[in-house]
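Colleague: So that we are looking at the same thing, I have put the structure below in structure tokens.
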Amino acid sequence: MEMADKTPDRAPDSAAAKQWLGVDRYSWYALAVLVAVYVINFVDRQLLTILAVDIKHDLGISDAQFGFLYGTAFGVFYALFGIPLGKLADRASRTRLLATGLTLWSTMTAFSGLSRSFWQLSAARIGVGVGEATAGPCSYSLLADYFPANRRATAVAIFSAGIYLGGGFSLYIGTAIAGGWNAAFPLGTRPFGLAGWQAAFMAVGLPGLLLALWVRSLREPVRGRFEAPRVDGMASPAAQPATLGAFLRDLGAIVPPFTLMAAARRGGQALLGNLLIMVGAASIAFALTAWLGDPVQWIALGIGAYAIASWAVALRHDDPEAFQVIWASPSVVGLNVGYGLMCVITYAGSAFGPLFVMREFGAPAGAVAVIVGGSAAAGGALGVIAGGALGDKVAGERYHSRRLTVVIGALVLSLVPNGLMLTTHSLTVVYVCVFPMWFLASAALGGSAGTIVNIVPATTRATATASFFLFATIVGLALGPYSAGRISGSYGSLRIGLAGILVVVPFALAALAISRRDLVRREREQ
């Protein structure tokens, strides 16, 4: 099965072409479509949070299990499939791949509404994670070819605003649909026995199938369209053909148990090394289960850790150029680790923020959806755009280290409203702090995303972006919500649970500082 790029259509680059801010109008149109995709992406992902009370009651699950559903079940498989799908996006039609992923995750969101147990909902969340793994790599790679370097971070930041618009809108739409359904159909009269939260999942999942057709209609831009020629005078390496065999090899590099077969093909020593990695990951997972319980959390995370290590070893052997870009570069590794640790805080806040306000302050779900959801959506959307635009302004086309100054500053400042929310006993203060907290936290995302798409070559951009999301999900999404829920369950307070995870801040700052220092060194050598 061949999925290689055909000769793509592109908007005319002549002076007569109509442009806005130095970019052709079709690129802005494509950006608008991709923003709509990301809004749907996060509506589907975030809907779980505002429905938490009903889901926990109907399925009989704990805070830690809810954290697993929101974070680990979704995040581990999102991360694992993000790598092979990212490599596929570096070779194949990105618009076609994104449309396929959107179809899958929308279908699995609708299937979430049919769940009647913790395990069924876990399986549906895994399916959502696999489908959504196409969104980031495909979209970042497309935007890098729709927009030149001096507009790229702004475009990525506008795209990333979909995170907050979708997250905030999901709170409103989830409350409206679930509440309306339950009011119209009291217990005992519900069609097919579906509760309001189940109807909400089905209602938000199905429109994504129509959006997938719109995505498929987008033009595929020329890959590396705005990249300068290599300074050594050599041509950039051509993308490899996107055959089914190549995709299966990439899948085998990271998705167990295919990792064992991939290692065996590299020889007996490689297979032995892979088995030792597996034993090490399993031993750590067993020890954490014996210490903390929750075996499903640590088994899933152990699988994720084993898979990442397997992929790194395989990448070093099969694609040395990509390995050097992703694993041997302090600037990329530091950025990925630092951003992943920041996501521990933001994902935990996304998972438990609405429930925290309802539980600790007795606020009604409707008010939380409108005030918290609206403030978070507005603050997040404006903040990520501001962070990306400020990064573009201070960095220009060369000084990408300055983007990380924006990231570090935004992260530190975001701790102020976050701390106020976790220490106050005034609901008014909480409502006031939501906007600035999400504005500053998302500004850090805008700067981080703008950095990753600018410091890696075009031929590995989607794969490097997938690694960026890998750390965000394995570190941030798989650990943040679960940890906050686990601490909350131990101490009987979500306030303590959300405060406890702030211990990651010094480590995040240290990793970002390492990345910035390496970028400064590289800029001086240019």
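The values are calculated or read from the model by the stated rules, or taken from the named source; none is laboratory data. Since this is a predicted model, take the numbers as computed values, not measurements. In this analysis, Cβ positions are derived from the backbone assuming ideal geometry, glycine residues included, and neighbour counts consider all displayed protein chains.
Colleague: Please state which of the following conditions Thr459 fails to meet, knowing it meets all the rest: (1) modelled with pLDDT under 90; (2) touching a Gly at 6+ places or on another chain (Cβ under 6 Å).
Modeller: Condition (2) is where Thr459 drops out.
Colleague: Right, here's the next one. Tell me the residue from Gly492, Gly476, Gly480, Gly485 that is among the small types (Gly, Ala, Ser) and surrounded by fewer than 21 Cβ atoms within 10 Å (Cβ to Cβ), please.
Modeller: Gly492
Colleague: Go over the candidates Leu512, Leu502 one by one and state the one that is surrounded by fewer than 18 Cβ atoms within 10 Å (Cβ to Cβ) and either part of a helix (DSSP H, G or I) or at pLDDT 90 or above (or both).
Modeller: None of the others qualify; the one that does is Leu502.
Colleague: Can you confirm whether Ala309 is without any contact (Cβ under 8 Å) to a residue 60 or more places away in the chain, touching a helix residue (DSSP H, G or I) at 6+ places or on another chain (Cβ under 6 Å) and hydrophobic (A, V, I, L, M, F, W, C)?
Modeller: Answer is yes for this residue.
Colleague: Counting just the residues of segment 40-79 that are in a helix (DSSP H, G or I) and polar (S, T, N, Q), which one comes out nearest to the chain's Cα centre (by Cα)?
Modeller: Among those that are in a helix (DSSP H, G or I) and polar (S, T, N, Q), it is Asn41.
Colleague: Next question, about the same structure. So which residues in segment 284-311 are over 28 Å from the mean Cα position of the chain (by Cα) and either buried (at least 21 other Cβ atoms within 10 Å of the Cβ) or not aromatic (Phe, Trp, Tyr) (or both)?
Modeller: Ala287, Ala290
Colleague: Among all residue pairs at least 6 apart or on different chains, which show Cβ distances below 6 Å where the first residue, located in segment 93-109, is farther than 24 Å from Gln120 by Cβ and the second is surrounded by fewer than 24 Cβ atoms within 10 Å (Cβ to Cβ)?
Modeller: From segment 93-109, the pairs are Ser93/Asp5; Ser93/Glu220; Thr95/Leu218; Thr95/Glu220; Ala99/Ala212; Ala99/Arg216.
Colleague: Within segment 217-252, take every residue that is surrounded by 13 or more Cβ atoms within 10 Å (Cβ to Cβ), of a type in the set (Gly, Ala, Ser) and in a helix (DSSP H, G or I) and give me the one that is modelled with the highest pLDDT.
Modeller: Only one residue fits best here, namely Gly252.
Colleague: Can you spot a residue in segment 416-431 that is surrounded by 18 or more Cβ atoms within 10 Å (Cβ to Cβ) and under 30 Å from Thr463 (Cβ atoms)?
Modeller: No, segment 416-431 contains no residue that is surrounded by 18 or more Cβ atoms within 10 Å (Cβ to Cβ) and under 30 Å from Thr463 (Cβ atoms).
Colleague: Can we say Ala36 is surrounded by fewer than 24 Cβ atoms within 10 Å (Cβ to Cβ) and either in contact (Cβ under 8 Å) with a residue 40 or more places away in the chain or of a type outside the set (Gly, Ala, Ser) (or both)?
Modeller: yes
Colleague: Test each condition in (1) surrounded by fewer than 24 Cβ atoms within 10 Å (Cβ to Cβ); (2) part of a helix (DSSP H, G or I); (3) small (Gly, Ala, Ser); (4) more than 18 Å from the chain's Cα centre (by Cα) for Gly127 and report the one that comes out false.
Modeller: If we test Gly127 against (1) surrounded by fewer than 24 Cβ atoms within 10 Å (Cβ to Cβ); (2) part of a helix (DSSP H, G or I); (3) small (Gly, Ala, Ser); (4) more than 18 Å from the chain's Cα centre (by Cα), just (4) comes out false.
Colleague: Can you tell me which of Val394, Val406, Val337 is surrounded by 24 or more Cβ atoms within 10 Å (Cβ to Cβ) and out of contact with any Asp or Glu (no Cβ under 9 Å at 6 or more places or on another chain)?
Modeller: The match here is Val406.
Colleague: Please specify each residue of segment 320-348 satisfying the condition of being of a type outside the set (A, V, I, L, M, F, W, C) and touching a residue at least 60 places away in the same chain (Cβ under 8 Å).
Modeller: Once the filter is applied, which keeps residues that are of a type outside the set (A, V, I, L, M, F, W, C) and touching a residue at least 60 places away in the same chain (Cβ under 8 Å), segment 320-348 yields Glu321, Ser329, Pro330, Ser331, Gly334, Asn336, Gly338, Tyr339, Gly340, Thr346, Tyr347.
Colleague: For segment 174-194, which residues satisfy the criterion of being hydrophobic (A, V, I, L, M, F, W, C) and more than 29 Å from the chain's Cα centre (by Cα)?
Modeller: Hits for segment 174-194 are Trp181, Ala183, Ala184, Phe185, Leu187, Phe192, Leu194.
Colleague: Can I ask one more? Quick one: is Phe356 buried (at least 23 other Cβ atoms within 10 Å of the Cβ), in a helix (DSSP H, G or I) and modelled with pLDDT under 95?
Modeller: yes
Colleague: For segment 317-330, enumerate the residues that are assigned to a helix (DSSP H, G or I) and within 14 Å of Asp250 (Cβ to Cβ).
Modeller: His317, Asp318, Ala322, Phe323, Ile326
Colleague: A further question on this structure: Looking at segment 177-216, which of the residues that are assigned to a loop (DSSP other than H, G, I, E, B) and in contact (Cβ under 8 Å) with a residue 40 or more places away in the chain is farthest from Gln46 (Cα to Cα)?
Modeller: It comes out as Leu194.
Colleague: Of the conditions (1) buried (at least 21 other Cβ atoms within 10 Å of the Cβ); (2) at pLDDT below 90; (3) among the aromatic types (Phe, Trp, Tyr), Tyr399 satisfies every one except a single condition; which number is it?
Modeller: Exception for Tyr399: condition (1).
Colleague: Right, another one. Output yes when any residue across segment 180-193 is among the β-branched types (Val, Ile, Thr), surrounded by fewer than 24 Cβ atoms within 10 Å (Cβ to Cβ) and at pLDDT below 90, and no when none is.
Modeller: So far as segment 180-193 goes, yes, one or more of its residues are among the β-branched types (Val, Ile, Thr), surrounded by fewer than 24 Cβ atoms within 10 Å (Cβ to Cβ) and at pLDDT below 90.
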